[in-house]
Amino acid sequence: MKKIGLFVVFALCYLKNSGQEIARFNPDTIKTIQLDSAVNITAQKFGVETFINAIITDNSFYQAFRNMKKYGFIAENRIFTYNKKNKVDGKIYRKIKHHPSGPVKMEYLVKQDTGKVYKKNGKYQLYTIEMFDYIFMNAYNSEFVAEGPMTAGKGAESNESYKSKLKTLIFAPGRPIKGLPFIGSKTQIFTANMRQYYDYSYYSGTYLDSIPVYWFKVKVKPDLSNGTKDGLMIKELTTIFDKRNFEILGRYVDMKYSNMLFDFDVQMNIEMSYFQGEKLPSKISYQGNWDYPFKKEERASFLIVHKDYQGEKR
């Protein structure tokens with residue numbers, strides 16, 4: 001159970017950049033934003049606080065994953081696992097057609113596995129992949145529910161509770177997460193005490209070739225001592241805002257932390273696009289290493305692309 005709790009730390013959100021990305025093959029080669037210039041915002045009611053308030057109060061990312069179930073679409077999922085030399089030793093490819101109605105929600109168009117993917121008992125080699133299945137494959141194969149809380153744990157030590165905490169970490173960065181040993185408060189980077197350790201900047205750009213956006217970056221200050229830097233779990237949080245309506249269209253998170261119990265180094269993107277005026281997930285990518293005592297170190301990356309949304313809402 002502790003393993004589940006610790007893994008909750010290792011998943012989050014948006015946009016490739018020049019930060020701390022793990023030096024190895026990355027399946028995510030899709031460039032979706034072009035930066036124009038730094039933005040000098042002088043309006044009294046518009047600035048850093050505007051962006052921060054939007055981030056910590058936003059529930060639209062989680063709702064977008066609910067809303068996608070109302071449509072037909074194609075999901076292409078590529079997963080790679082790596083050995084200690086960062087060479088690919090396992091591959092999973094799924095091409096899935098999602099049906100918004102009828103008894104069969106998920107139709108496999110392609111299903112391929114190569115290399116070291118499964119244990120002898122048929123379970124996945126890596127817990128990373130098991131959590132991927134929980135977050136994404138379950139979403140493809142379940143009914144649309146219009147409303148509901150982001151978290152719905154059944155108790156402090158239950159699997160469902162830890163998985164609910166994972167959802168909070170993915171869809172609501174910057175909020176505290178109770179029940180995660182040693183790091184629950186480290187996700188809360190917008191408190192008065194934590195803000196002193198981060199630089200804030202925002203830029204103007206174009207997303208998906210046509211959407212005008214603000215690119216808001218929160219990053220650990222470069223002149224901090226190494227000891228202080230090591231104690232900060234979230235190294236960078238970048239958020240993309242649609243200038244026209246201030247909707248959040250993408251997030252990137254770079255996280256790295258080490259103590260006596262575990263080590264991890266993770267970057268994750270989530271990107272959205274519009275279909276019939278509704279914000280829906282279009283790309284999710286993950287790069288991560290994590291190490292837990294007496295367990296095999298896990299190294300994995302994945303790229304999820306949702307495309308060809310179609311059909312009327314149910």
Would you pick out the residues in the range 72-91 that are free of Cβ contacts under 8 Å to residues at least 40 places away in the same chain and touching a helix residue (DSSP H, G or I) at 6+ places or on another chain (Cβ under 9 Å)? 90
With (1) farther than 18 Å from residue 86 by Cβ; (2) at pLDDT below 90; (3) of a type in the set (Ser, Thr, Tyr) as the list, and residue 286 as the residue in question, which single condition is left unmet? (1)
Pick from the range 290-314 the residues that are surrounded by fewer than 11 Cβ atoms within 10 Å (Cβ to Cβ) and within 26 Å of residue 96 (Cβ to Cβ): which of them is modelled with the lowest pLDDT? 314
Of the listed residues (52, 41, 22, 30), the one being surrounded by fewer than 20 Cβ atoms within 10 Å (Cβ to Cβ), closer than 28 Å to residue 206 by Cβ, modelled with pLDDT of 80 or more and hydrophobic (A, V, I, L, M, F, W, C) is 52
Name the residue, out of 260, 268, 272, that is within 28 Å of residue 81 (Cβ to Cβ) and free of Cβ contacts under 8 Å to residues at least 24 places away in the same chain. 260
Does the range 68-79 contain any residue that is assigned to a loop (DSSP other than H, G, I, E, B), at pLDDT 90 or above and in contact with a Gly (Cβ under 6 Å, 6 or more places away or on another chain)? yes
Checked pairs for the range 60-71, first touching a residue at least 24 places away in the same chain (Cβ under 8 Å), second among the aromatic types (Phe, Trp, Tyr), C-beta under 6 Å and 6 or more apart or across chains, list as 61/171; 62/171; 69/144; 70/144; 71/309
Quick one: in the range 93-124, which of the residues that are surrounded by 12 or more Cβ atoms within 10 Å (Cβ to Cβ), touching a Phe, Trp or Tyr at 6+ places or on another chain (Cβ under 9 Å) and basic (Lys, Arg) is nearest to residue 301 (Cα to Cα)? 94
The range 279-314, residues that are farther than 19 Å from residue 77 by Cβ and either out of contact with any strand residue (DSSP E or B) (no Cβ under 9 Å at 6 or more places or on another chain) or free of Cβ contacts under 8 Å to residues at least 60 places away in the same chain (or both): 291, 293, 294, 295, 296, 312, 314
One residue is enough: does the range 268-288 have a residue meeting the conditions assigned to a loop (DSSP other than H, G, I, E, B), in contact with a helix residue (DSSP H, G or I) (Cβ under 8 Å, 6 or more places away or on another chain) and surrounded by fewer than 19 Cβ atoms within 10 Å (Cβ to Cβ)? no
With the requirement that a residue be of a type in the set (Lys, Arg) and under 16 Å from residue 56 (Cα atoms), what does the range 188-228 give you? 195, 217
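The values are calculated or read from the model by the stated rules, or taken from the named source; none is laboratory data. Remember, predicted model here, so these are calculated numbers, not experimental data. Every residue, glycine as well, gets a Cβ built from its backbone with ideal geometry; the counts of neighbours run over all protein chains shown.
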